[in-house]
1. Amide H of I317 versus every other amide H placed in the peptide plane: which residues, excluding those fewer than 5 positions away on the same chain, fall under 5 Å?
2. Mind ordering 293-300, 360-367, 1-8, 184-191 by average Cβ neighbours within 10 Å, highest first?
3. Under unit Cβ charges (Lys, Arg +1; Asp, Glu -1), what dipole magnitude, rounded to 20 debye, does the stretch 15-146 have relative to its Cα centre?
4. Karplus couplings for the stretch 334-349 from phi (6.51 cos²θ - 1.76 cosθ + 1.60, θ = phi - 60°), rounded to Hz, Gly and Pro as x?
5. Could you sort the peptides 115-126, 222-233 by per-residue average Cβ neighbour count (10 Å cutoff), highest mean leading?
6. Among residues other than S242 whose Cβ falls under 13 Å from its Cβ, what is the net charge (Lys/Arg +1, Asp/Glu -1)?
7. For a quick protection proxy, order the peptides 98-109, 161-172 by their average other-Cβ count within 10 Å, most packed first.
8. Evaluate 2.2 N^0.38 Å with N set to the residue count of the chain, then give the Cα radius of gyration divided by it.
Amino acid sequence: MKKRLFTPGPTPVPENVMLRMAAPIIHHRNPEFMEILTRIHEDLKYLFRTTQPVVVLSCSGTGGMEATISSLFKQGDKVITVNAGKFGERWGELVRIFTGNCVEEKVAWGSAIQPERLAELLKEHPDAKGVCLTHSETSTGTAADIQTLSALIREQSDALVLVDGITAVGAHEFHFDDWGVDICITGSQKGLMMPPGLALVAVSERAQDIIKGQSMTQYYLSLKHALKAHAGDDTPFTPAVSLVIGLDEALQMIKAEGIEHIWKRHESLANACRQGCNALGMKLFSNSPSFAVTPVWLPEGVKWSAFNKALKNSNGITVAAGQDDYKDKIFRISHLGFYDELDMLTVIGGIERALKEINFPFEIGAGVSAVQKAFLGN
Ligand SMILES: *Cc1c(COP(=O)(O)O)cnc(C)c1O
């Protein structure tokens, strides 16, 4: 049976990326590797739409978040975090550890923070040193309007704009420089079509200045170290050499397709996925849907365990479960990274087969038909 992954990280890795990583290992201080790293540093600027440095850290996405908070802030610094799901919650946990002064704004799961509410928070906390946002909240499949939120923060305060873009970079339109963002993080196993193990962090000029003036509270996950090495197209420690080489290949694919096309492809796949679910009588969870992942309520009477077993064991398809309070209530279909239109027919077709196996009533082919129509027209 063919295995097919539809989870929002790890995501499928293209064959050419895997083949590049399988080549004999090279030393990270030899010219061949330095040449690759120099090219990656350029290409990451293309991906993030920036002229500022984007550093490559050997850790998963959370390591990029931790490096960010620990490098920018000191004990006592007030930081606003928006918690609209699992990953926004993580910003708060990090801020509490490193500054002990977190203003956490909770937003209902499935919704994004509204600009009016953020404006109130900024007014209440003029001394905030940073605002932590999540562009695509993976636990709820919900996208926030980073362009508007960032503009608002820049207008009303001196707080840094920190964006967890881990499932947004490569799925949603994003302009690091033009939108006035100070930090944006992504991880290799999400939109970059890579195995897990790298975090990429873009750092604005004013964030770089602040980092230079802070004393270090972490040695390994330090943006100060990473930026210093980046200036010489180098890394401070032994990088994950094979992953960095795979990243070079993935970035060539991204450039060949073109970032605008990639954003449009994700929007179109997400739209078709939602149409397919609707046509099967399943309700969508988010009121501001992400283009990376589609969360869906499990229909009345459908148990996650039975549905997941039918999907996995009989069809080789892995989707993601719900998290926390929504563990047995929703499931999440990913279309982030290396996916195309036929993949959406496959996943919705697989869901139909699983629903049939567990005797859930629906019209066979209705979901697949809706996906076809979303792509091909009526
Ligand atoms: C996956 C993810 C993370 C965490 O990344 P890890 O690579 O698991 O450390 C953080 N934020 C968002 C939005 C994510 O999707």
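Throughout, read-outs are computed from the coordinates displayed, never taken from laboratory work. None of these values were measured; they are calculated from a predicted model. Neighbour counts run over all protein chains shown; Cβ positions are idealised from the backbone, glycine included.
1. For I317, the qualifying residues are R4, K312.
2. Working: 293-300: 21.6, 360-367: 15.2, 1-8: 16.8, 184-191: 28.5.
Taking the mean over residues of other Cβ atoms within 10 Å, the ranking is 184-191, 293-300, 1-8, 360-367.
3. Working: 14 positive and 17 negative charges, 45 e Å.
So the dipole magnitude of the stretch 15-146 works out to roughly 220 debye.
4. Per residue, the Karplus-derived 3J(HN,Hα) values read 8, 9, 9, x, 7, 10, 9, 4, 5, 4, 6, 4, 5, 5, 5, x Hz.
5. Numbers: 115-126: 14.0, 222-233: 18.2.
Listed from highest to lowest mean packing, they are 222-233, 115-126.
6. Numbers: positive: R20; negative: D248, E249.
Combined, the nearby Lys, Arg, Asp and Glu give -1.
7. Numbers: 98-109: 17.4, 161-172: 28.0.
Ranking the peptides 98-109, 161-172 by packing returns 161-172, 98-109.
8. 1.00
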